Amino acid sequence: MKRRLLVWGLMLLAATAGGVLGLQAGPPALAPQTDAPAPAAAAVQRGAYLAVLGHCDGCHTARGGAPMAGGRPIETPFGSVISANLTPDRATGLGDWSAAAFRRALREGVARDGRRFTPTCPYPNFTLITDADADDLYAYLRSLAPQVQPRQTGSLRWPYGTQAALAFWQWRYLQPGPYQPNSRHDAAWNRGAYLAGGLGHCAACHGARHALGAHAGPFALDGGTLPAGGWTAPALTSAQAAGVAHWPEQEVVDWFATGRTPRAAALGPMADVVRGSTQHWAAADLRALAVYLRALPQHTPVAEAMPAAEPATLELGRKLYEAHCADCHGAQGEGRAPAYPALAGHRTLGLASPANALRIVLGGAFAPATSGHARPYGMPPFGHELNDAQLAALLSYLRQAFANGAAPVSTLQVQQLR
Amino acid sequence: MPLAWCLASAAGAAPPVPDTMAQRLLACTGCHGPQGRASPQGYVPRLAGKPAQYLLNQLHHFREGRRANAAMTPLLDTLSPAYLQEIAQHFAALDLPYPAPPASAVAPAEVARGLQLAQQGDPAAQVPACAACHGPALTGRLPATPGLLGLPRDYLIGQLGAWQTGLRRAASPDCMATLARRMSAADVSAVASWLAAQPVPAAAHPQAASVSPAPLACGSVPP
């Protein structure tokens, strides 16, 4: 806590100093691109695939908006940021950006005009992207039809969006530079590390962030909390969370390609990632990702004795389960293949945070409709039917009956997470 | 031993999950009523029997931010255009009876005004009759104009209000937004009350596509 205060204080000092003294000694503006040649077709095609790998449109396309034209609000713990227009419009997009300016933006978080932008765009990951890939991505973006999308400022609280604060953040937390292959691992592992750590930016959600919003680097996959929607992104470094070291390689590939396997489906924000990105990945890239994720060092949490829920709570939870859940998920939580996953032993129920299980019960869910799993079965929302105490009892029952006695959930927790 | 094992597992096994759209769409019918037949008592609109193109338009409106509903948008976000189409066709094809309308306690003057708006419109305010587009029996018109009967009063008021404020939008030109903004709050209440109080005629179906021009151009209805 003291350390956090110190860091925050330093940032505040930097922001104040920057503001008072008018210090603008930032990165230089790069010359505007004036007569860019039309991008080569092969580069555009490679770049289009890279944009899919990076799921760029997940943030850079607004609901109902033109592809890559930005304008989508992105929630952060520091306020909202509006995604940028990546189409080649001169006034509001990347029209006057050179390839060098685009590369610097990916690698260092600095716009063509020299202004630093916030790490909401995950440049701590994108910094790993090779020059060749950055240039292909640039070629693809230049091939799009220009769209006018006036820049919006969002609602970042002072001082987080100031140039001085961003200079401090980048100095303290960003390690710029492209991916360096690790010679102790084979080509597939290195490709997987490049994809997960770089364009795929898994750490943006799956990395734990500290008070100033930085994670432990582009390969941090120790489990994070999403600021919007109340979801958590479980750790990929634990078999109890979302680690896949113990899954067969083919199952990992199938999960990313189709959005589900018999034991788990991608729901919530990860369903968007599968639908918009990983279902379209080339087979070799999915295999590389699986190789890398399966090789991640796994941590076994220290087993703690969890408190048992009150008998009356468990009894209420059991009744609610029988009334609302057992038809599909089975009286013993055994599930009904292929539509409804088993809840007995389901990892989502055993996560330290009940947030994801609560979100699924509240809002219902469909697994993503992918070419490999085109017509998913849906789960109805129960948010309008169950009150906070009932939700707490149901979740407590699910966690204690089916997830090796995970901690019970209080009504207060439901109120906070809801 | 194998026989005993077979018997034991057969006794404990749940029946197979039906490979049907109805089973897949339990996520929808939890709120929209069994078979998408939500009654006019609550707020949630019925889906069964509405024109498929209308339902598909709404699914895309929710996904693309032209309709706002905290439950609908995240549920639809992960589905494909092909699956959305199949969902729309499933509910459109359900030909099921309607319940009687709930009792209405609206003053006679308001009933008369609602009837007038639905059947004649208000030419002075440039508000066409509902029946001019939604069919003479108000049971909808193919391919994309929904029926207006059998819906909750609160839902109808909510939609007209959302068009007035821009919270609900449709393809341009947005005919419903245009005419809703020409209506007073009293007229919105009157027409919603009247519509919600009407029994739905037996064998109510959307009418065949109109051959005469609509009183207002609608971007959602292909010309």
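The values are calculated or read from the model by the stated rules, or taken from the named source; none is laboratory data. Since the structure is predicted, the reported quantities are computational estimates derived from the model, not experimental observations. As a convention, Cβ positions derive from the backbone with ideal geometry for all residues, glycine included, and neighbour counts pool all protein chains shown.
Quick notes
- Which listed residue is surrounded by fewer than 19 Cβ atoms within 10 Å (Cβ to Cβ) and either assigned to a helix (DSSP H, G or I) or over 20 Å from the mean Cα position of the chain (by Cα) (or both), from A:ALA208, A:ALA164, A:ALA193, A:ALA188: A:ALA188
- Matching residues in the range A:313-347 - criterion: being out of contact with any Gly (no Cβ under 9 Å at 6 or more places or on another chain), acidic (Asp, Glu) and facing chain B (nearest Cβ under 10 Å): A:ASP327
- Scanning the range B:59-90 for residues that are more than 9 Å from chain A (Cβ to nearest Cβ) and in contact (Cβ under 8 Å) with a residue 60 or more places away in the chain, we see that the one that is surrounded by the fewest Cβ atoms within 10 Å (Cβ to Cβ) is B:ALA68.
- Number of the condition not met by A:PRO159 [criteria: (1) part of a loop (DSSP other than H, G, I, E, B); (2) surrounded by fewer than 18 Cβ atoms within 10 Å (Cβ to Cβ)]: (2)
- Among the residues of the range B:195-213, those identified as free of Cβ contacts under 8 Å to residues at least 24 places away in the same chain and not small (Gly, Ala, Ser) are B:VAL211, B:PRO213.
- Residue ID - modelled with the lowest pLDDT, chosen from residues in the range B:3-15 that are more than 8 Å from every other protein chain (Cβ to nearest Cβ) and either surrounded by 11 or more Cβ atoms within 10 Å (Cβ to Cβ) or part of a loop (DSSP other than H, G, I, E, B) (or both): B:GLY12
- Any hit, the range A:367-388, residues being touching a Phe, Trp or Tyr at 6+ places or on another chain (Cβ under 9 Å) and charged (D, E, K, R): yes
- Checking each residue in the range A:242-271 for being under 21 Å from the mean Cα position of the chain (by Cα) and within 14 Å of chain B (Cβ to nearest Cβ) picks out A:THR258, A:GLY259, A:ARG260, A:ALA265, A:ALA266, A:LEU267, A:GLY268, A:PRO269, A:MET270, A:ALA271.
- Hey, A:ARG103 in a helix (DSSP H, G or I), charged (D, E, K, R) and assigned by TED's automatic domain parsing to the domain that holds A:GLY161 or not: yes
- Single residue of B:LEU216, B:LEU149, B:LEU156, B:LEU167 found to be touching a residue at least 24 places away in the same chain (Cβ under 8 Å), surrounded by fewer than 20 Cβ atoms within 10 Å (Cβ to Cβ) and within 20 Å of B:LEU117 (Cβ to Cβ): B:LEU216
- Hey, A:GLY350 at the interface with chain B (Cβ under 10 Å from one of its Cβ atoms), surrounded by 19 or more Cβ atoms within 10 Å (Cβ to Cβ) and farther than 24 Å from A:ALA257 by Cβ or not: no
- Any hit, the range B:81-103, residues being assigned to a loop (DSSP other than H, G, I, E, B), more than 19 Å from B:SER39 (Cα to Cα) and at pLDDT 95 or above: no
- For the range A:356-383, a tally of residues being more than 8 Å from every other protein chain (Cβ to nearest Cβ), small (Gly, Ala, Ser) and within 18 Å of A:ARG275 (Cβ to Cβ) returns 2.
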